[in-house]
Amino acid sequence: MKLILLGPPGAGKGTQAQRLVEKYRIPQLSTGDMLRAAVSAGTEVGKRAKSVMDAGELVSDDIVNAIVSERIDQPDCAHGFILDGYPRTLVQADAVESMLASKGKKLDCVIELLVDDKALVGRIIKRAEEAAAAGQPVRKDDNAEVFEERLREYYKKTAPLTGYYYAKGILRSVDGMLAIDAVSEEIDAVLASL
Ligand code: AMP
């Protein structure tokens, strides 16, 4: 199964992706995680991405497409994967389609998590507080100021993807305001209906 989880920052894509990993035994491909790993490792990509990420803006399509293209060629992706935080632009959406088409594959479903904007910033702040309390590193972009820019980027560049996938007939929307378990149940129901 090849899935995309779509939704603004704080919508719960990462949380739901982890549950899908357990259930379907396919990997979660989070471009945010991959880019943060590159930043920590101090690679060329990491050096180029760091300031852009800290500002809450989007890293260039070329960089992100190259990372994903390499990742989905790994053997653990042979039976499917969950894309979390990718694609985020129409250029990336076209790129993933070409990557898959070149392997004779296509996406099965795009699940959009619908969440009120007002709830999002609260979730991001909570995530930062929980990470700090657990002694984990706090993301530099998980604060109210940078969040505003991340949300602006989402509406400008990522929200148009819902129309793109709706037109392809593979968009399914789920109420992301429900409790975590209830969102998972809705996603399971969508996947069962495919
Ligand atoms: P995330 O962990 O998905 O919230 O991503 C954190 C940051 O990484 C974003 O604010 C962007 O700066 C960058 N990023 C992650 N995924 C992408 C992507 N698909 N395209 C461009 N930038 C991305």
Could you list the square roots of 5 times each eigenvalue of the Cα gyration tensor of the stretch 1-138, that is, the equivalent ellipsoid semi-axes, sorted largest first and rounded to whole Å?
24, 19, 15
Do you know the relative contact order of the chain, to the nearest whole percent, from alpha carbon pairs under 8 angstrom that are 6+ apart?
32 percent
Once all protein chains are kept in place, Glu149 shows an accessible area at probe 1.4 Å, nearest 10 Å², of 40 Å²
For the stretch 98-194, what does the equivalent ellipsoid look like in terms of its semi-axes, each the square root of 5 times an eigenvalue of the Cα gyration tensor, given largest first in whole Å?
29, 18, 15
Area of Cys109 that stays accessible when all protein chains are in place (1.4 Å probe, Å², to 10):
0 Å²
Which entries in Lys13/Lys118; Lys23/Lys157; Lys105/Lys168; Lys23/Lys105 show an alpha-carbon gap greater than 19 Å?
Lys23/Lys157; Lys23/Lys105
Hydrodynamic radius by Kirkwood for the stretch 148-194, inverse mean 1/r across distinct Cα pairs, in Å, is 12.3 Å
Could you tell me how far the Cα centroid of the stretch 17-57 sits from the Cα centroid of the stretch 59-126, in Å?
11 Å
Run the numbers for Ala144 and Glu22: contour at 0.36 nm per residue of separation, minus the present Cα-Cα distance, in nm.
40.8 nm
In Å³ per residue, the alpha-carbon convex hull of the stretch 109-163 encloses 101 Å³
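Tell me the mean residue ellipticity at 222 nm calculated for the chain from its helices only (DSSP H runs of n ≥ 4, each -39500 (n - 2.57), averaged over every residue, nearest 500).
-17000 deg cm²/dmol
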With each pseudo-label sitting 7 Å past Cα toward Cβ, what's the Ser69-Ser98 distance in nm, one decimal?
0.7 nm
With each pseudo-label sitting 7 Å past Cα toward Cβ, what's the Ala179-Cys77 distance in nm, one decimal?
3.6 nm
Which lysines, on any chain, are close to Lys47 with Cα under 18 Å apart, when same-chain ones fewer than 8 places away are left out?
Lys140
Scattering profile of the stretch 10-63 at q = 0.14, 0.21 Å⁻¹ [log10 I(q)/I(0), Debye over alpha-carbon scatterers]
-0.45, -0.82
Per the 1/(1 + (r/R0)^6) rule, R0 = 35 Å and r from the Cβ atoms of Lys118 and Ser193, FRET efficiency to 0.05 is 0.70
Restricting to Cα pairs under 8 Å and 6 or more apart, the percent relative contact order of the stretch 1-112 works out to 46 percent
Can you list residues whose amide H is under 5 Å from Leu6's amide H, if they're 5+ apart or on another chain and H is modeled 1.01 Å from N?
Ile111, Glu112, Leu113
Sorted peptide list for 18-25, 64-71, criterion being average Cβ within 10 angstrom, highest first
64-71, 18-25
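The values are calculated or read from the model by the stated rules, or taken from the named source; none is laboratory data. Here the structure is a predicted model, which is why all the values come from computation and not from measurement. Here Cβ is always computed from backbone atoms with ideal geometry, including for glycine, and neighbour counts include all displayed protein chains. Ligands, DNA and RNA are stripped out before the accessible areas are found, and what is left, the full protein with its side chains, is counted by its heavy atoms. Shrake-Rupley method; radii C 1.70, N 1.55, O 1.52, S 1.80 Å.
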